[in-house]
Amino acid sequence: MERELEERLVEKLKQFILDLGFGFSFISNQYRLTLGNNEYFIDLLFYNQKLKCLVGLELKTGRFKPEYAGKMDFYLHLLDEQVKMKDENPFYLVNMFNN
(Lines give C-alpha, C1' and ligand atoms only; values in the text may rest on other atoms or scores of the structure.)
Protein backbone atom coordinates (compact mmCIF):
# COMPACT_ATOMS: atom_id res chain seq x y z
CA MET A 1 0.00 0.00 0.00
CA GLU A 2 2.86 2.40 0.72
CA ARG A 3 4.29 1.85 -2.77
CA GLU A 4 0.88 2.62 -4.31
CA LEU A 5 0.64 5.82 -2.25
CA GLU A 6 4.12 6.82 -3.38
CA GLU A 7 3.31 6.18 -7.05
CA ARG A 8 0.17 8.34 -6.85
CA LEU A 9 2.21 11.16 -5.28
CA VAL A 10 4.93 10.90 -7.91
CA GLU A 11 2.29 11.05 -10.68
CA LYS A 12 1.04 14.33 -9.29
CA LEU A 13 4.44 15.59 -8.24
CA LYS A 14 4.23 18.98 -9.90
CA GLN A 15 1.07 19.94 -8.04
CA PHE A 16 2.40 18.42 -4.84
CA ILE A 17 5.56 20.54 -5.01
CA LEU A 18 3.50 23.65 -5.60
CA ASP A 19 1.41 22.78 -2.55
CA LEU A 20 4.54 22.39 -0.41
CA GLY A 21 5.42 26.01 -0.97
CA PHE A 22 8.11 28.17 -2.51
CA GLY A 23 11.52 26.81 -3.38
CA PHE A 24 10.97 23.04 -3.41
CA SER A 25 12.66 20.85 -5.99
CA PHE A 26 12.11 17.12 -6.38
CA ILE A 27 15.27 15.04 -6.06
CA SER A 28 14.12 11.43 -6.00
CA ASN A 29 11.69 8.83 -4.83
CA GLN A 30 13.16 5.82 -3.05
CA TYR A 31 16.40 7.74 -2.49
CA ARG A 32 19.05 5.11 -1.77
CA LEU A 33 21.37 5.32 1.23
CA THR A 34 23.88 2.64 2.16
CA LEU A 35 25.69 1.61 5.30
CA GLY A 36 28.08 -1.28 4.86
CA ASN A 37 26.32 -3.88 2.74
CA ASN A 38 22.84 -2.63 3.70
CA GLU A 39 20.58 -0.39 1.62
CA TYR A 40 17.97 2.00 2.99
CA PHE A 41 15.46 4.11 1.08
CA ILE A 42 13.81 7.43 1.85
CA ASP A 43 10.39 7.51 0.19
CA LEU A 44 10.61 11.05 -1.24
CA LEU A 45 13.50 13.50 -1.16
CA PHE A 46 13.24 17.21 -1.96
CA TYR A 47 15.53 20.22 -1.73
CA ASN A 48 14.28 23.57 -0.49
CA GLN A 49 16.19 26.53 -1.91
CA LYS A 50 14.87 29.01 0.65
CA LEU A 51 15.64 26.79 3.66
CA LYS A 52 18.85 25.59 2.00
CA CYS A 53 18.29 22.01 3.10
CA LEU A 54 17.06 18.62 2.01
CA VAL A 55 13.56 17.56 3.04
CA GLY A 56 12.75 13.86 3.23
CA LEU A 57 9.25 12.45 3.42
CA GLU A 58 8.61 9.02 4.85
CA LEU A 59 5.19 7.67 3.89
CA LYS A 60 3.15 5.37 6.12
CA THR A 61 -0.37 4.05 5.62
CA GLY A 62 -1.17 3.33 9.26
CA ARG A 63 -0.88 4.94 12.66
CA PHE A 64 2.42 6.22 14.02
CA LYS A 65 4.67 3.65 15.69
CA PRO A 66 7.57 4.65 17.97
CA GLU A 67 10.08 2.74 15.83
CA TYR A 68 9.40 5.19 12.98
CA ALA A 69 11.14 7.93 14.99
CA GLY A 70 14.24 5.76 15.35
CA LYS A 71 14.22 4.99 11.63
CA MET A 72 13.98 8.68 10.79
CA ASP A 73 16.83 9.54 13.17
CA PHE A 74 18.94 6.86 11.50
CA TYR A 75 18.16 8.35 8.07
CA LEU A 76 19.17 11.81 9.35
CA HIS A 77 22.58 10.52 10.35
CA LEU A 78 23.11 8.81 6.99
CA LEU A 79 22.04 11.93 5.09
CA ASP A 80 24.31 14.08 7.23
CA GLU A 81 27.30 11.82 6.64
CA GLN A 82 26.72 10.97 2.97
CA VAL A 83 24.73 13.73 1.28
CA LYS A 84 24.67 17.05 3.16
CA MET A 85 26.97 19.77 1.85
CA LYS A 86 28.97 21.83 4.36
CA ASP A 87 27.03 25.03 3.63
CA GLU A 88 23.58 23.44 3.91
CA ASN A 89 21.29 23.58 6.92
CA PRO A 90 20.17 20.47 8.86
CA PHE A 91 17.80 18.06 7.17
CA TYR A 92 14.10 17.78 7.72
CA LEU A 93 12.36 14.43 7.68
CA VAL A 94 8.59 14.35 7.69
CA ASN A 95 6.36 11.37 8.37
CA MET A 96 3.17 11.41 6.36
CA PHE A 97 0.42 9.08 7.53
CA ASN A 98 -2.68 7.96 5.69
CA ASN A 99 -4.99 6.60 8.40
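The values are calculated or read from the model by the stated rules, or taken from the named source; none is laboratory data. In this text, all values refer to a predicted model and were calculated from it rather than measured experimentally. Here the Cβ positions follow ideal geometry from the backbone for every residue, glycine too, while neighbour counts run over all protein chains shown. When the accessible area is computed, the model is the full protein with side chains, heavy atoms only, and any ligands, DNA or RNA have been set aside. Shrake-Rupley method; radii C 1.70, N 1.55, O 1.52, S 1.80 Å.
Looking only at segment 20-67, count how many residues are of a type in the set (Phe, Trp, Tyr) and under 17 Å from Arg3 (Cα atoms).
Looking only at that region, the number is 3.
Which of the residues spanning segment 30-75 are of a type in the set (Ser, Thr, Tyr), surrounded by 16 or more Cβ atoms within 10 Å (Cβ to Cβ) and touching a residue at least 40 places away in the same chain (Cβ under 8 Å)?
Scanning segment 30-75 gives a single hit, Tyr75.
Check segment 16-23 and report whether any residue there is open to solvent by 30 Å² or more (accessible area, probe 1.4 Å) and modelled with pLDDT of 90 or more.
no
Among the residues of segment 18-34, which ones are of a type outside the set (Lys, Arg) and under 27 Å from Glu81 (Cβ atoms)?
Restricting attention to segment 18-34, the residues satisfying the condition of being of a type outside the set (Lys, Arg) are 18-31, 33-34.
If the condition is that a residue be of a type outside the set (Lys, Arg) and under 27 Å from Glu81 (Cβ atoms), then Leu20, Gly23, Phe24, Ser25, Phe26, Ile27, Ser28, Asn29, Gln30, Tyr31, Leu33, Thr34 are the ones that fit.
Look at Glu2 and say whether it is free of Cβ contacts under 8 Å to residues at least 12 places away in the same chain, in contact with a strand residue (DSSP E or B) (Cβ under 9 Å, 6 or more places away or on another chain) and not hydrophobic (A, V, I, L, M, F, W, C).
On the way: free of Cβ contacts under 8 Å to residues at least 12 places away in the same chain: no; in contact with a strand residue (DSSP E or B) (Cβ under 9 Å, 6 or more places away or on another chain): yes; not hydrophobic (A, V, I, L, M, F, W, C): yes.
No; evaluated as a whole, the condition is false for this residue.
Restricted to segment 76-99, and to residues that are at pLDDT below 85, open to solvent by less than 60 Å² (accessible area, probe 1.4 Å) and in contact with a Lys or Arg (Cβ under 8 Å, 6 or more places away or on another chain), which residue is farthest from Leu59 (Cα to Cα)?
Among those that are at pLDDT below 85, open to solvent by less than 60 Å² (accessible area, probe 1.4 Å) and in contact with a Lys or Arg (Cβ under 8 Å, 6 or more places away or on another chain), it is Phe91.
Looking at segment 8-25, I want the residues that are in contact (Cβ under 8 Å) with a residue 40 or more places away in the chain and closer than 14 Å to Leu57 by Cβ and have a partner that is polar (S, T, N, Q) and surrounded by 15 or more Cβ atoms within 10 Å (Cβ to Cβ) with Cβ atoms under 9 Å, at least 6 apart or on another chain. Which pairs are those?
Matching pairs, first to second residue: Leu9/Asn29.
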